[in-house]
Amino acid sequence: FDDNWFDITDGLGFSLVARDTLATDPNAWGQKCSWRPSATAGGSPGFDDTGDLPELGAVVVNEVLANPAAGASDWIELHNTTDQTIDLGGWFLSDDVDNLTKYEIAIGTSLPAGGYAVFSEDEQFGNTDDPGCHVPFGLSRNGETAYLHSGADGTLTGYSEQEKFGASQAGVSLGRYEKSTGTYNFVALSETTPGVASAAPAVGPIVITEIMYNPAIAGQAEYVELLNISDVAVTLYDEIRGTPWRFTQHKI
């Protein structure tokens, strides 16, 4: 087992529960995909809590606007990926792993099959006049993590989703983009789409077109090739931060 599989099972009192004891490949017991958090804190010793909460991935953080244009508000969009209505009443939104119950979604809030729900800083999670706003918060334009957890009677239950996102330009939202591998990246989008299916990713003006990471001859250089796909020159320098663009390495 690995501590980083599910934050909610690492110190918050929730147990790990096997997803399917009969169909799981014996070689997969050491993989996250074979497990889920228990429906409630303390686990379910002696009984089966399957079906008490939606399956993981049923509701996702689908899009966020963390750096709105002047006069606009931060917002978080949730998406129901299933063909069933899901009751979100009593669930929580937060931007702080040490306080996951900052905003409590109103009782009676439901998310229709395949539907979207948008929660804004001005009206919900940053509005102290909203009864569900326990600790007002906004999203950081420099990037952070948005957390979604199920809840009941003011406490956490075992469904959890989180989406880490990077810095964003003013007025540019970030959202889930499905790749050809069936996995998702959270990327800048070509336009904001609150409440509906996400737009295509924003691409360019600078893209990576070629990478040499393993030269055939010892001593030859590794390299990364960039292409400007626009019709204007681009200076690889951030005027706001006063720093040049840079490469970073992310190991998977």
Ordered by packing density, taken as the mean number of other Cβ atoms within 10 Å over each peptide's residues, highest first, how do 244-250, 230-236 rank?
230-236, 244-250
Which of Y184, Y237, Y116 moves the most in a Gaussian network model of the chain with Cα springs under 10 Å?
Y237
How far apart, in nanometres, would the label points at V196 and N127 be if each is projected 7 angstrom from Cα along the Cα-to-Cβ direction?
2.3 nm
Alpha-carbon centroids, region 138-174 and region 190-205: separation in whole Å
18 Å
If contacts are Cα pairs under 8 angstrom and at least 6 residues apart, what is the relative contact order of the chain in percent?
14 percent
Using a ≥ b ≥ c from the Cα gyration tensor of the chain (square roots of the eigenvalues), is it rounded, prolate or oblate, where a/c under 1.5 gives rounded and otherwise the larger of a/b and b/c decides, a/b for prolate?
oblate
Full-extension gain between T109 and R241, please, as 0.36 nm times their residue separation minus the C-alpha to C-alpha distance.
43.4 nm
Roughly how many debye, to the nearest 20, is the charge dipole of the chain about its Cα centre, given +1 on each Lys and Arg Cβ, -1 on each Asp and Glu Cβ, and no other charges?
640 debye
With a 1.4 Å probe and every protein chain left in place, work out the accessible area per residue of the chain in Å², rounded to a whole number.
60 Å²
What part of the accessible area of region 129-252, given as a whole %, is carbon or sulfur when the probe is 1.4 angstrom?
52 percent
Report the FRET efficiency, 1/(1 + (r/R0)^6), for N99 and S44, where r is their Cβ-Cβ distance and R0 is 25 Å, rounded to 0.05.
0.45
Using +1 at the C-beta of Lys and Arg and -1 at the C-beta of Asp and Glu, which of Q84, F125, V61 has the Cα lying farthest in the positive direction of the dipole of the chain?
V61
So, R0 is 30 Å and r is the distance between the beta-carbons of F1 and E178; what FRET efficiency does that work out to, to 0.05?
0.55
Treating only the Cβ atoms of Lys and Arg (+1) and Asp and Glu (-1) as charged, compute the dipole magnitude of region 37-148 about its Cα centre; round to the nearest 20 debye.
100 debye
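The values are calculated or read from the model by the stated rules, or taken from the named source; none is laboratory data. Small disclaimer: the values here were computed from a predicted structure and weren't measured. No Cβ is skipped: glycine too gets one built from the backbone with ideal geometry, and neighbour counts run over all protein chains shown. SASA here: full protein model, heavy atoms, side chains in, ligands and nucleic acids out. Shrake-Rupley method; radii C 1.70, N 1.55, O 1.52, S 1.80 Å.
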